[in-house]
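The values are calculated or read from the model by the stated rules, or taken from the named source; none is laboratory data. Because the structure is predicted, anything quoted here is derived from the model rather than measured. Cβ coordinates were reconstructed from backbone atoms using ideal geometry, including for glycine residues, and neighbour counts include every protein chain displayed.
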Amino acid sequence: MNDTSTRARRLGRRGAVATAALVLPFGVVGLAAAPAYAADATVSVLHAIPEGSGADVVDVYAGDAMLIDNFTPGSLETLTVPEGTYDLAVFADGEGPGNGTAVLEAAGVEVPGGANATVTANLDADGNPALNVYVNDISEVAAGESRLTVRHIAAAPAVDVRADGAVIIENLVNPDEAIVAVPAGSYSADVVLAGTDTVALGPADLSLAEGTNTIVYAWGSAEAGNLALATQVIDGLDGAPTGVAAGGGSTAATGALPAWTAGLMAIGALGAFGAMTRLGRNRA
């Protein structure tokens with residue numbers, strides 16, 4: 001592992017509120033608003049808010065149509081959707097238009113064709129709900145190699161990531177990500193507090209196949225003792241694909257954050273204050 005060619009990037013994806021992340025991707029499915037010639041976009045979403053944090057189970061609507069029912073912590077969804085503009089809303093589980101008050105509403109959400117992103121609803125380093133947007137890299141993986149992407153989206157301090165006992169990623173902090181290229185094979189991986197041997201997560205067996213990208217998310221709260229791992233795998237990267245492979249997923253960005261991604265984050269931020277206020281009232 002010490003001789004492995006490694007490339008790592010750390011991209012801050014500060015966001016607003018957890019439920020905003022749930023809205024943006026799902027509202028673009030099953031609607032007739034987009035013309036037949038519209039380009040598709042691929043958006044994945046991970047619900048990484050632990051239970052008891054104010055957004056346990058939600059239902060997602062576009063207009064009067066329910067798109068996602070009982071979306072629970074730890075769940076991941078990947079959608080191929082037409083570009084278009086949609087009116088979206090998130091409700092507490094069992095509620096909806098006409099029989100409840102939306103936790104978050106976003107009118108006129110624009111999803112451009114060709115977009116490929118992963119949105120995570122998670123906790124920031126201080127334990128507050130956050131929205132992160134990661135641009136997905138589906139570039140070709142070199143022959144004989146596999147790509148490992150690690151994203152720190154937990155309310156936890158800086159960590160190191162080890163494979164077979166060797167540190168391959170150092171000092172990863174929320175909400176950053178890092179990428180390493182490794183020989184395809186099986187590894188025992190764990191997450192330790194940065195600069196120590198104190199295990200925070202794992203060990204977990206990872207089978208990293210040639211031409212794939214395995215994305216590992218560390219999520220939850222260290223203080224609450226509910227840290228967990230979530231994993232996505234993208235295959236078909238031994239040749240240049242035109243989209244996310246079946247099964248969905250996302251990898252780290254290789255370029256600058258595109259304007260449309262910043263736009264999604266801005267929309268989430270606009271709804272954050274109202275959503276946090278409503279969550280606070282519900283808890284009172």
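Things worth noting here:
- Qualifying residues in region 61-87 (those that are of a type in the set (A, V, I, L, M) and farther than 15 Å from Gly100 by Cα) - the one nearest to the chain's Cα centre (by Cα): Leu76
- Here is the figure for region 164-179: residues that are surrounded by 20 or more Cβ atoms within 10 Å (Cβ to Cβ) and farther than 24 Å from Ala130 by Cβ total 1.
- Residues (touching a residue at least 24 places away in the same chain (Cβ under 8 Å), in a strand (DSSP E or B) and surrounded by fewer than 15 Cβ atoms within 10 Å (Cβ to Cβ)) located in region 186-214: Ser188, Ala204
- Strands (runs of 3 or more DSSP E) completely within region 117-180 that count 2 or more residues being not assigned by TED's automatic domain parsing to the domain that holds Ile215: 129-135
- Matching option when the condition is of a type outside the set (Val, Ile, Thr), on the phi > 0 side of the Ramachandran plot and touching a Leu at 6+ places or on another chain (Cβ under 6 Å), among Gly195, Gly202, Gly220: Gly220
- When Ala32 is tested against (1) in contact with a Pro (Cβ under 9 Å, 6 or more places away or on another chain); (2) at pLDDT below 50; (3) of a type in the set (A, V, I, L, M); (4) assigned to a loop (DSSP other than H, G, I, E, B), just one condition goes unmet, and that condition is (1).
- Restricting attention to region 226-248 and to residues that are assigned to a loop (DSSP other than H, G, I, E, B) and modelled with pLDDT of 65 or more, the residue that is farthest from Asp137 (Cα to Cα) turns out to be Asn226.
- When each of Ala166, Ala154 is tested for being over 30 Å from Asp64 (Cα atoms), in contact with a strand residue (DSSP E or B) (Cβ under 8 Å, 6 or more places away or on another chain) and modelled with pLDDT of 95 or more, the lone residue that passes is Ala154.
- Odd one out for Glu223 among (1) farther than 25 Å from Val43 by Cα; (2) at pLDDT 95 or above; (3) more than 21 Å from the chain's Cα centre (by Cα); (4) part of a loop (DSSP other than H, G, I, E, B): (2)
- Among the residues of region 81-102, those identified as surrounded by 14 or more Cβ atoms within 10 Å (Cβ to Cβ), modelled with pLDDT under 85 and not in a strand (DSSP E or B) are Glu83, Ala102.
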